[in-house]
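Read the structure below first, then the notes.
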Amino acid sequence: MGFRPMMSSLMRSKTGPILVALQIAVTLAIVINALFIISQRVEKMDRDTGMDIANVIVTDVRGFGQGFDVVDSIRNDIDLIKSIPGIVAATVSNHAPLSGSGSGTGLRTVADETITPVSTARYQWSEEGLDALGIELARGRNFYPQEVIYDTPDMDADVPSVLITQALADELFGEDVDALGKTVYWGSMEPSTVIGIIGHMQGSWVNWDKLNNVVIHPGKPAYTNNRYIIRTEPGMRDELIPIIEQKLGESNLRRVVKNVRPLEEMAARSYRSDRGMAIILSIVIALLIGLTALVIVGLASFHVTQRTKQIGTRRALGATRTHIIKEFLLENWLITTAGAVLGVILTVVVAYWMETTFQLPRLDWRYLPAGIGILWALSSLAVLEPARRAASVPPAVATRSI
Amino acid sequence: MFKYNVKLAFKSMQRNPIMTGLMVAAIAVGIGVSMTTLTVHYLMSGNPIPEKSSVLYAVTMDSWNPLLPFDDDRPERAPHQVTYSDAERLLEIGKGKRQTAMFESSLVIEPIGDDGQPFEATARVTDGDFFPMFDVPFIYGSGWDSATDKSAETVVVLTKALNERLFGGEDSTGRQLQMNGAQFQVIGVIDAWEPTPRFYDPINGAFQEVMDMFVPYSVTRTLELDSIGSDWGWKSESITTFEQWLNSESTWIQYFVELDSPRDRSEYVAHLDAYVEGQKQLGRFERPMNNNIYDVMEWMEYHEVVEEDARVLLGLSFLFLLVCVLSTIALLLTKFIGKKGDVSLRRALGASRKAIFNQQIVEVAVIGFAGGTAGLGLAWLGLQGIDYLYDTPSALIRLDWVMVSTAIGVSVLSGMIAGMYPAWRVCQIPPAAQLKTQ
């Protein structure tokens, strides 16, 4: 069929097709690498938090002025918050998970300073902490209320018992050992007994590779700034936020109530740059694919106009419409494939550059066929309409200008 | 001649509006995307204080755990902040032209009388040298002197924004503020001042806005100001009083020194070594001697303030620009080939190759300029988008004249590069060759 005339027209003006192939190659390199980065970010944002994050509210309260009693203020606030209908649980805590602000520490399994400790996020909250975040205890028990005392700055309380996550337990004791009931040592070499294991929860810093390492010790931190973690009945979070803000504000005028906000919002803030990157790259891909498609359409249309006489002649000589369409599709497919072959090499080069220059993981090879598939489909779609137009050139055109 | 060429360019562009539109769009999108990422990169990697960046230094001293380095991945590094007590003693010793210890805190501004709500405001707790060291501009009043640094007088310098909120923007020097139970006297208001990156504190965020106000470092002890910035400790110490906290091995103070010339650098490090030697006698600083000072750009490098994502995007967007240039070449080539008849006629009527070439290049430059202008608009949109996505301080995202002229330059240049080959090809058309078939 129309392979020869097509090749001859391809060969007559080589530069144009080469340029399009090059453009497709670079497009492929960008699209595949960008898609890969996007998928990494989406995966990261989609990780299981281990918490009922949609129904948690966090707020900060700070007292001022002479004679302000922090312990008294915390006690009243928690009572007040829990008296509001729709509240499931509330605790005072040193930090809020996923917020990007937190406290880290190192734990050891033996009391030996020369051993490198295992790093972990550290929380301190009351017996209601687990419930306030919707965290499930896999084994062991929660804190008893009598274990939980107000931890004021002038106190140097010891920590008899802790909860740890399974991830931390595995790193401390190994996966084959049951950490429940075992002893861990703080930097001060003070021992604590593991009384419960949390199946899974995320800690403070979403970009940290040890995000799932968490240790919790009992207590109600009573410092200058008091942070409350509050869980509501499902779906009641947004209506309760203004109520909590108002009630806390009214109950004690010697205080500033700051940032009553959903935990979800704080987590979204922590993931802001990941989300931003995913969105920017999606826009880049859309623009790039749109541009490449338009250029293919533009060039093909132009060629149809240029070759009207040739097409008419061929039609007059017996080529069917399908022949002409197939011819354009084939020509385009050849260019795209040549571009894709070159593009695969370029993609690997770019992926290698990103892997070595930045701490990015190696490109998953499965993205290559996916990217090529997208380009094939796209370029065929782009050339379809001009090809149809070419096919509709009547055979009589051939006779006209001669 | 030039005017004639421009006229011809517009005629030619009108003849094939779709092709012309595509070319302008290709260049516009390429410029828009690459200028957006280039601007972000340029702002992140820029020198925030060019006049003084080589005489201002961040100070680090290795007071860390004798058994483990501060940073496992880079064991050669000392902690990036110093302890309160070391900072206090370094200030006493002096030795630099100017020096300041500092950290971030927050204070509750209490209403005077019954009107108004109390609110929390952030503060940079620092020495009086901060203002002249970092060239901070004032609208009213001034900073404080070294006597205040010693006397722990409760004075405060406000930012323009806080002065607006508290005093409606008027000259508030001499006014009183009740904060954390103490009376502070306003002695100065600074003008807008947002060096980007925030070189004096990349640890707590290189792209944050300036704190709401400045208070003397010496009131830390008297008012028991807590840090809201990061603190790093290694030693397990029993801390039940504020005094114990100040004397602890926890590192939470940033220390900057200004030296008259870069030559004084080694001399200053020698002073640090001498100080640490003295501390070693007292049983502190058990690690090997490792004191360093970093000038502003070294300090930016140390904290990798240019985010990896920004660099990845910059690389990808220049590949994007390459795609746009390639498509422009392909489009131009096709278009010029379509002009064969026109060019043949001109050549036959006596136009030289040079004249034809110039004519094509002018057309390309016009397209490049149009694309560049549209691209600048897109870049502005792109920056608004980034501002929205990343919620950056307003001072960070801006297009300055450097970027605007770069954008126009790059687009005209890439238009010219794209046009060079097609224009050359067009010149090769022999006169009258195309006329035969007509």
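Taking the criterion of being buried (at least 21 other Cβ atoms within 10 Å of the Cβ) and of a type in the set (A, V, I, L, M, F, W, C), the residues of the stretch A:90-117 that qualify are A:Ala90, A:Val92, A:Ala96, A:Leu98, A:Leu107. Filtering B:Val410, B:Val402 for residues that are at pLDDT 80 or above, more than 14 Å from chain A (Cβ to nearest Cβ) and surrounded by 14 or more Cβ atoms within 10 Å (Cβ to Cβ) leaves a single hit, B:Val410.
When the criteria are applied in full, A:Asp131 meets the requirement of being farther than 14 Å from A:Pro221 by Cβ and away from chain B (no Cβ under 12 Å).
Tallying residues that are aliphatic (A, V, I, L, M), modelled with pLDDT of 95 or more and not assigned by TED's automatic domain parsing to the domain that holds A:Tyr228 within the stretch A:54-98 yields 4.
Can you name the residue in the stretch A:28-74 that is among the small types (Gly, Ala, Ser) and more than 30 Å from B:Cys324 (Cα to Cα) and, of all such residues, is nearest to the other protein chains (Cβ to nearest Cβ)?
Taking the stretch A:28-74 and keeping what is among the small types (Gly, Ala, Ser), we get A:29, A:34, A:39, A:50, A:54, A:63, A:65, A:67, A:73.
Of the ones still in play, those that are also more than 30 Å from B:Cys324 (Cα to Cα) are A:50, A:54, A:63, A:65, A:67, A:73.
Numbers: A:Gly50: 25, A:Ala54: 22, A:Gly63: 8, A:Gly65: 6, A:Gly67: 10, A:Ser73: 14 Å.
For the stretch A:28-74, the residue satisfying everything is A:Gly65.
For the stretch B:360-372, the condition holds for no residue, the condition being that it is out of contact with any Pro (no Cβ under 6 Å at 6 or more places or on another chain), under 30 Å from B:Trp193 (Cα atoms) and more than 14 Å from chain A (Cβ to nearest Cβ).
Anything in the stretch A:167-190 that is assigned to a loop (DSSP other than H, G, I, E, B), of a type in the set (A, V, I, L, M) and surrounded by 14 or more Cβ atoms within 10 Å (Cβ to Cβ)? List them, or say none. First the steps, then the outcome.
Taking the stretch A:167-190 first, the residues assigned to a loop (DSSP other than H, G, I, E, B) are A:174-182, A:186-190.
Now restrict to residues that are of a type in the set (A, V, I, L, M): A:177, A:179-180, A:189.
Residues satisfying the conditions are A:Ala179, A:Leu180.
Only one entry of A:Arg237, A:Arg272, A:Arg255 meets the criterion of being farther than 15 Å from A:Gly129 by Cα and surrounded by fewer than 19 Cβ atoms within 10 Å (Cβ to Cβ), and that entry is A:Arg272.
Being in contact (Cβ under 8 Å) with a residue 12 or more places away in the chain and either within 8 Å of chain B (Cβ to nearest Cβ) or surrounded by fewer than 19 Cβ atoms within 10 Å (Cβ to Cβ) (or both) is true for just one of A:Leu263, A:Leu346, A:Leu342. Which residue is that? The unique qualifying residue is A:Leu342. When restricted to residues that are within 11 Å of another protein chain (Cβ to nearest Cβ) and surrounded by fewer than 24 Cβ atoms within 10 Å (Cβ to Cβ), the stretch A:11-24 contains 9. If you go through the stretch B:207-217 and keep only what is crowded, with 21+ Cβ neighbours inside 10 Å and assigned to a loop (DSSP other than H, G, I, E, B), you end up with B:Val210, B:Met211, B:Asp212, B:Tyr217.
Conditions (1) in contact with a Leu (Cβ under 6 Å, 6 or more places away or on another chain); (2) in contact (Cβ under 8 Å) with a residue 60 or more places away in the chain; (3) not hydrophobic (A, V, I, L, M, F, W, C), marked per residue:
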{"site": "B:Ser142", "(1), (2), (3)": "no, no, yes"}
{"site": "B:Asp145", "(1), (2), (3)": "no, no, yes"}
{"site": "B:Lys150", "(1), (2), (3)": "no, yes, yes"}
{"site": "B:Val155", "(1), (2), (3)": "no, yes, no"}
{"site": "B:Ala161", "(1), (2), (3)": "no, no, no"}
{"site": "B:Arg165", "(1), (2), (3)": "no, no, yes"}
{"site": "B:Gly174", "(1), (2), (3)": "no, no, yes"}
{"site": "B:Met179", "(1), (2), (3)": "yes, yes, no"}
{"site": "B:Val189", "(1), (2), (3)": "yes, no, no"}
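If the condition is being more than 9 Å from chain A (Cβ to nearest Cβ) and within 12 Å of B:Gly415 (Cα to Cα), then the stretch B:24-36 contributes B:Val24, B:Ile27, B:Ala28, B:Ile31.
Among the residues of the stretch A:275-305, just one is of a type in the set (Ser, Thr, Tyr) and either within 7 Å of another protein chain (Cβ to nearest Cβ) or buried (at least 22 other Cβ atoms within 10 Å of the Cβ) (or both), namely A:Thr292.
Residue-level analysis places A:Ile164 outside the set of residues that are in contact (Cβ under 8 Å) with a residue 40 or more places away in the chain, within 20 Å of A:Leu211 (Cα to Cα) and part of a loop (DSSP other than H, G, I, E, B). Considering (1) among the hydrophobic types (A, V, I, L, M, F, W, C); (2) modelled with pLDDT under 95; (3) over 21 Å from B:Ser106 (Cα atoms), the lone condition that B:Ile139 does not fulfil carries the number (2). For the stretch B:178-193, a tally of residues being within 14 Å of chain A (Cβ to nearest Cβ), surrounded by 16 or more Cβ atoms within 10 Å (Cβ to Cβ) and either among the small types (Gly, Ala, Ser) or on the phi > 0 side of the Ramachandran plot (or both) returns 1. The sole residue among A:Gly343, A:Gly312 that is closer than 29 Å to B:Leu22 by Cβ and within 40 Å of the chain's Cα centre (by Cα) is A:Gly343.
Just one of the numbered conditions (1) touching a residue at least 12 places away in the same chain (Cβ under 8 Å); (2) at positive phi is not true of A:Leu330: (2).
Restricting the stretch B:162-205 to residues that are among the polar types (S, T, N, Q) and assigned to a strand (DSSP E or B), the residue that is modelled with the highest pLDDT is B:Gln185.
So that you can scan it fast, the table gives a plain yes or no per residue for (1) over 30 Å from A:Phe68 (Cα atoms); (2) within 25 Å of the chain's Cα centre (by Cα):
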| position | (1), (2) |
| --- | --- |
| A:Gln166 | yes, yes |
| A:Lys182 | yes, no |
| A:Asn213 | yes, yes |
| A:Gly219 | no, no |
| A:Asn225 | no, no |
| A:Ile229 | no, yes |
| A:Ile241 | no, no |
| A:Lys247 | no, no |
| A:Val257 | no, no |
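What's the total number of residues in the stretch A:115-137 that are among the small types (Gly, Ala, Ser) and farther than 21 Å from A:Ile230 by Cβ? Break it down stepwise before answering.
Step one: list which residues in the stretch A:115-137 are among the small types (Gly, Ala, Ser), which gives A:119, A:121, A:126, A:129, A:132, A:134.
Next cut, farther than 21 Å from A:Ile230 by Cβ only: A:119.
Final tally of qualifying residues: 1.
Among the residues of the stretch A:135-174, those that are aromatic (Phe, Trp, Tyr) and more than 25 Å from B:Ser238 (Cβ to Cβ) comprise A:Tyr144, A:Phe173. State whether one or more residues within the stretch A:75-83 are crowded, with 16+ Cβ neighbours inside 10 Å, within 24 Å of B:Asp231 (Cβ to Cβ) and either among the polar types (S, T, N, Q) or away from chain B (no Cβ under 14 Å) (or both). No, there is no match, as no residue in the stretch A:75-83 is crowded, with 16+ Cβ neighbours inside 10 Å, within 24 Å of B:Asp231 (Cβ to Cβ) and either among the polar types (S, T, N, Q) or away from chain B (no Cβ under 14 Å) (or both).
For a quick check of your reading: which strands (runs of 3 or more DSSP E) sit entirely within the stretch A:51-142 and have at least 3 residues that are of a type in the set (A, V, I, L, M, F, W, C)?
Values: elements: A:56-63, A:87-93, A:104-107, A:118-125, A:137-140.
By residue number, A:56-63, A:87-93, A:118-125.
The values are calculated or read from the model by the stated rules, or taken from the named source; none is laboratory data. None of the values given here were measured: they were computed from a predicted structure. Quick reminder, even Gly has a Cβ in these numbers, built from the backbone with ideal geometry, and neighbours come from all protein chains shown.
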